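Here's the structure, in structure tokens; my notes come after.
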Amino acid sequence: MSAAPTLQSFIAGRWIGQHGAQPLRSAIDGHVLGYSHEERPDFAEALAWGRQQGRNGLMALDFQQRAARLKALALYLAERKEQLYALSHHSGATRADSWIDIEGGNATLFSYAGIGARELPSGNLVHEGPAIPLGKQGRFAGSHILVPRAGVAVHINAFNFPIWGMLEKFAPTFLAGMPCIVKPATATSYLTEAVVRLIDESGLLPAGALQLVIGSTGDLLERLDGQDLVTFTGSADTAAKLRVTPNLIRNSVPFTAEADSLNCSILGPDVSPDSEEFELYIKEVAREMTTKAGQKCTAIRRAIVPAKHLDAVATRLRDRLGKVVVGDPSVEGVRMGPWRPMRSRRMSASGSNNCCKAATCCSVPVMVSSRVAKASPTAPSSPPPCCWRGTPMPRAAPTISKRSGRSAP
């Protein structure tokens with residue numbers, strides 16, 4: 001092993017992991033930043049620690065107090081954000097890209113702290129709605145109340161937002177009084193580990209409120225029960241596999257997945273190349289292709305333009321993209337970093353080449369308003385027939401123009 005550190009899991013109040021396993025490389029030059037650890041966490045211990053120590057500590061606080069802790073944690077992390085920026089550029093993120101992840105993540109802590117302070121009571125019970133009459137003579141009525149679940153939330157996150165992805169799930173979970181176990185994507189888990197270490201050092205959370213798993217989840221999902229829950233962010237294929245884990249089905253464990261959103265930018269047929277809307281369209285499509293090197297769940301997969309403006313859009317977009325400086329994000333003037341962790345570049349390059357060879361022209365006129373619009377359908381298998389005029393857009397068409405030479409998978 002080199003001098004690179006071994007990342008550690010935070011389980012039952014201890015940092016575990018001494019022996020390095022999988023190398024985690026910089027997306028910039030491929031050097032090893034650290035290693036996932038070889039030791040397998042005791043997930044029975046992790047769940048017991050969360051359900052007992054974690055839940056007891058959280059129930060000792062009420063909604064208002066937990067909201068105050070979230071705000072204090074947001075301020076604590078904000079004061080130390082430069083430590084995270086220094087590490088984030090190894091993921092291929094520019095300063096602007098890292099801002100989304102680091103300060104966007106911190107903003108979720110502030111947001112939920114505000115929601116808790118303004119909207120939730122001082123106890124640990126929320127009365128939901130008015131009393132509901134259940135008898136004709138008005139002698140029998142019922143009402144709903146909301147209380148914290150008695151289990152542990154398992155949050156499995158994607159590689160592209162290792163900080164924000166964790167904090168956006170942790171904040172509402174903590175506010176609701178539920179301990180959580182976070183499992184980041186291994187490729188960029190060095191950033192998640194750095195944040196969890198800062199959180200641990202802050203001393204603001206009750207013991208057991210937050211645990212971290214670096215590497216595989218092992219048999220964790222097989223140990224959950226009906227009071228636990230799972231959230232997943234990643235590919236639809238992986239979500240489909242996890243969702244049918246026998247134990248999750250057997251115990252009716254809630255499973256929520258955020259996966260593979262389908263987004264596009266649409267140019268209205270009455271927008272002319274000399275208009276402000278046209279310039280805005282070009283600017284936004286270029287932004288979608290370059291922010292986080294396109295590695296956003298909300299990044300567009302299609303740019304849809306009227307056939308009569310196809311060449312104009314392709315030319316203007318090609319000119320704009322040609323000015324984007326690509327390279328090491330820590331270098332002044334670089335606006336886009338590497339687009340994947342080094343270990344997956346060969347596979348990604350192969351996939352991109354295949355896409356480019358199979359690409360066809362997206363030149364379908366569409367019936368939309370005269371302003372630029374963004375559509376975010378919920379991943380239909382094909383465009384609704386009422387939305388298209390002429391031949392439907394090919395689903396395997398990643399390019400905006402047969403002349404552009406750039407794909408937007």
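The values are calculated or read from the model by the stated rules, or taken from the named source; none is laboratory data. The structure displayed is predicted, hence computed values, not measured ones. Neighbour counts run over all protein chains shown; Cβ positions are idealised from the backbone, glycine included.
For the reader, a short list of remarks on this structure follows.
- Residue in the stretch 43-57 that is crowded, with 21+ Cβ neighbours inside 10 Å, over 24 Å from the mean Cα position of the chain (by Cα) and charged (D, E, K, R) present: yes
- Considering residues of the stretch 75-88 that are at pLDDT 95 or above, surrounded by fewer than 21 Cβ atoms within 10 Å (Cβ to Cβ) and hydrophobic (A, V, I, L, M, F, W, C) only, the residue farthest from the chain's Cα centre (by Cα): Leu75
- Reported count of residues in the stretch 239-268, each being on the phi > 0 side of the Ramachandran plot and in contact (Cβ under 8 Å) with a residue 40 or more places away in the chain, is 1.
- Filtering the stretch 1-19 to residues that are closer than 18 Å to Ala185 by Cβ and not hydrophobic (A, V, I, L, M, F, W, C) leaves Thr6, Gln8, Ser9, Gly17.
- Meets criteria (at pLDDT 95 or above and either over 22 Å from Leu84 (Cβ atoms) or assigned to a loop (DSSP other than H, G, I, E, B) (or both)) for Ala194: no
- Pairs where the first residue, in the stretch 269-284, is under 21 Å from Val324 (Cα atoms) and the second is surrounded by 15 or more Cβ atoms within 10 Å (Cβ to Cβ) and of a type in the set (S, T, N, Q), C-beta under 7 Å, 6+ apart: Tyr281/Ser265; Glu284/Ser265
- Residues that are touching a Lys or Arg at 6+ places or on another chain (Cβ under 8 Å) and either surrounded by 16 or more Cβ atoms within 10 Å (Cβ to Cβ) or over 30 Å from Pro329 (Cβ atoms) (or both) within the stretch 242-268 comprise Asn247, Phe255, Ala257, Asn263, Cys264, Ser265, Ile266, Gly268, listed in sequence order.
- Residue match in the stretch 225-238 (condition: in a helix (DSSP H, G or I), farther than 20 Å from Lys296 by Cα and either of a type in the set (D, E, K, R) or touching a residue at least 40 places away in the same chain (Cβ under 8 Å) (or both)): no
Conditions tested, residue by residue: (1) crowded, with 23+ Cβ neighbours inside 10 Å; (2) in contact with a His (Cβ under 9 Å, 6 or more places away or on another chain); (3) outside the structural domain of Asn106 (by TED's automatic domain parsing).
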{"position": "Val154", "(1), (2), (3)": "yes, no, no"}
{"position": "Ala171", "(1), (2), (3)": "yes, no, no"}
{"position": "Tyr190", "(1), (2), (3)": "yes, yes, no"}
{"position": "Ile199", "(1), (2), (3)": "no, no, no"}
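- Residues of the stretch 52-80 that are part of a helix (DSSP H, G or I) and farther than 26 Å from Ile11 by Cβ: Phe63, Gln64, Ala67, Ala68, Lys71, Leu75, Ala78.
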